[in-house]
């Protein structure tokens, strides 16, 4: 299947909104997506990419660079949202993960932080951990959306 991974644009806001709302079960307005894209345009350390097949968005990749004081340590922070993991859609998630690694190397980061929506440790989470990553702890999250 032919696919493309590209940076999200303002023309994608409605489709991204629909996609993320369907995947998360929460209403995310196109205005919220547009505001987020506008913020990212002004911040060179943040980007949103989309995975498309046949002009349909099947996944998103949030990419953020985190730097410590003095820029000695530089890590990428990655989050991927893709369709339910059937065999075909898992390929989309894998392609986004590989793309995230390429972006990390391109930006000369020391490593990657992989952000996942899984909030409890179970076998499904173990099976979906990215290759060569290891768990270092948990991030506490307070959700507003």
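Quick note: the coordinates plus some simple rules give every number you see, no bench work behind them. Keep in mind that this is a model prediction, so the values were computed, not measured. Neighbour counts are summed over all protein chains in view; Cβ atoms, including those assigned to glycine, are modelled from backbone coordinates with ideal geometry.
Overview of results
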quantity	calculated
Which of 51, 3, 99 has the fewest Cβ neighbours within 10 Å, and the rest in rising order	3, 99, 51
Sequence of 6, 41 once ranked by neighbouring C-beta atoms within 10 Å, starting from the fewest	6, 41
Value of relative contact order over region 1-70, rounded to a whole percent, pairs C-alpha under 8 Å and six or more apart	34
